[in-house]
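Derivation of every value follows stated rules applied to the coordinates shown; laboratory data play no part. Model, not experiment: these values are computed from the prediction. Reconstructed Cβ throughout: ideal geometry from the backbone, glycine too, with neighbour counts over all protein chains shown.
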Amino acid sequence: MKTPRGTHYEILGIEPSATGEELEEAYRRCLALYGEGALAIYSLLEPEELRAVRARVDEAYRVLSDPDRRREYDASPREPEPDDTDAAPDLPRPEPAVLPEPVTGPDLRRVREARGVALKEIAIASKIGVRFLEYIEADRHADLPAVVYLRGFLQEYARAVGLDPQRTAASYLARLARPGPRATGA
Amino acid sequence: MSAAQPIAAPARVPSASPHPPRRIWSIGGGKGGIGKSLLAASLGAQLARMGKRVVLVDADLGGANLHTCLGVAGPPLTLGDFIQRRVERIEDVAVETGRPGLRLISGASDFLSAANINYAQKVRVLNRIKALDVDVVLMDLGAGTAYNIIDFFLASDVSLLVVVPEPTSIENGYRFIKSALYRRLRRAAQGDEVRRIVDSAIDARNPSGIRTPLDLLAAVEREDAAAAEALRRELRGYQPHFIVNQVRSDADAAIGQQLVTACARHLGIRSTYAGFVRYDDAVWRCVRQRRLFVDDPEGGRPAEDVQKIAAGLLKGENLTLPWS
């Protein structure tokens, strides 16, 4: 799970036409659900996930409760919502680029460094351990998880550094000549 | 991987989707000591009072005690006798409870083996239960998330999940709801690879980072879009109902709605809130006297609450609460 996405309205569970009163009510509801010591959410979210949700709720409330900022927000163009399956992390994204094949770990690292994205950032956004990201960059194929997971990891990585996720993953995986790789323990 | 879903607006209308006949009900909760059996007994008694022909099934195979909740003696024949084929027809182990319209199939308290029934026995029990000629079969499930318990839960038209406003119960409730869903998805999963992904998700510490059903669907989607769609249908068809028991405040009552919201946003599960039962010493006094609080003139507010839940579930209506 990552930072919750959605518009400020969706985060608070209200319609864009919501009145100030409805906004206050929704904010109170969200605090009850996600607040310190809240019972209903117990054990469902990790502490850092809970913090991220709270931060999003607070930000949404700060913007929408200020008439000027709300107007500005309503007027600003909205990014199209990705669907559930397209989980792009909330990082600034330049145009997706495609690297010449074959894509190697060092190629990926060069792109990442050129874009100024820290491994830690990718790890936080994607919930993939830094260790696995390092293995990807170091081409330590034997230490990488099974292809079914690795493909997802590579796609997340590619998105974070502004590469085309599908093609990057496919190209990287094509170099792996390991028959039936097994998942490594985490 | 998952994105949090928007909070659903509080439901104001009866759920519009056509329901299958609501005949087989089950009550689970994952945790012991939260009033599951008492709630099952009182809900059964209430449904019978509303004119339904009801059979209560004590499916807590290791720790059957529904007869005590109902204030009747432990029956000579139990579900164990049917499972072990000492009795051929399941009807023959159903006993009267002294309440018109309400019969009881008692759990097997006499031997441990019944708690570990095998797959064929389970299928036989479920098939016979479904064939019972009654309006409602209400199964009281044991604590925990063993497959035997979950399979009865999944076989129901109305799956009720009881929690009390305590962290331990909430935690076990989430564990139960997730375990049951993964079991359901595992059964529906087509293809070795997809099954392997579902299996890996069941291990909460899997290396793939799959932590929620939404993560799981995303992982399957990357592998096989058609399989993901099939699993998505299963996810949509999974609609447990929460009951919050032992409610002592408005904030406690609001927990049910919050659970529904949290399930939708963070697990992708569309649950509903069937209602709450307020805490009252009268219930405890009735238990001590081996009387059922819904039968008692002193049953008070908890009896009213059970009545509302029964009526709502029969109509297919969900509780609508402004969450505080």
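Details
- For chain B, the longest principal axis of the alpha carbon atoms and the long axis of helix B:213-223 meet at an angle near 40°.
- Computed per residue of chain B from DSSP H runs no shorter than four, each worth -39500 (n - 2.57), the mean residue ellipticity at 222 nm is -13000 deg cm²/dmol.
- Sorted by Cβ density within 10 Å, fewest first, the residues B:Thr78, A:Thr19: A:Thr19, B:Thr78
- Neighbour-count order for B:Trp25, B:Trp284, fewest beta carbons within 10 angstrom listed first: B:Trp284, B:Trp25
- Partner aspartates and glutamates for B:Lys31 [C-alpha distance under 14 Å; skip if fewer than 8 residues away on the same chain]: B:Asp60, B:Asp140, B:Glu166, B:Glu171
- Between 0 and 90°, nearest 10: helix B:300-315 axis offset from chain B longest Cα axis: 60 degrees
- Computed over chain B with a Gaussian network model linking Cα atoms closer than 10 Å, the most mobile of B:Asn127, B:Asn65, B:Asn148 is B:Asn127.
- Formal net charge of residues neighbouring B:Val54 (Cβ-Cβ distance under 10 Å; K, R +1; D, E -1): +4
- Kirkwood's formula applied to the C-alpha pairs of the stretch B:24-315 gives a hydrodynamic radius of 19.6 angstrom.
- Candidate lysines - alpha carbon under 19 Å from B:Lys315, same-chain residues fewer than 8 apart omitted: B:Lys52
- Pairwise Cα separations in the stretch A:8-75 fall into 5 Å bins from 0 onward with the following percentages, short to long: 3, 18, 29, 22, 14, 9, 5, 1.
- DSSP finds beta bridges in the protein assembly as shown, and of those with both partners inside it, around 10 percent are antiparallel.
- Equivalent ellipsoid semi-axes, the protein assembly as shown, via Cα gyration tensor eigenvalues times 5, rooted, Å: 47, 29, 17
- Computed FRET value (nearest 0.05) for B:Arg85 with B:Val134, which takes r as the C-beta separation and R₀ as 30 Å: 0.85
- Counting every other Cβ atom within 10 Å of each residue's Cβ, B:Ile90, A:Ile11, B:Ile27 order from fewest to most as B:Ile90, A:Ile11, B:Ile27.
- Percentage relative contact order, the stretch B:24-315, counting C-alpha pairs under 8 Å, at least six apart: 21 percent
- Using the Cβ of B:Val87 as centre and a radius below 12 Å, the other residues enclosed give a net charge of 0, where K and R count +1 and D and E count -1.
- Applying both filters, DSSP loop and at most 16 other Cβ atoms within 10 Å, to the trypsin sites (Lys or Arg not before Pro) of the stretch B:170-243 gives B:Arg205.
- The stretch B:24-315 - share of DSSP beta bridges that are antiparallel (%, nearest 5): 15 percent
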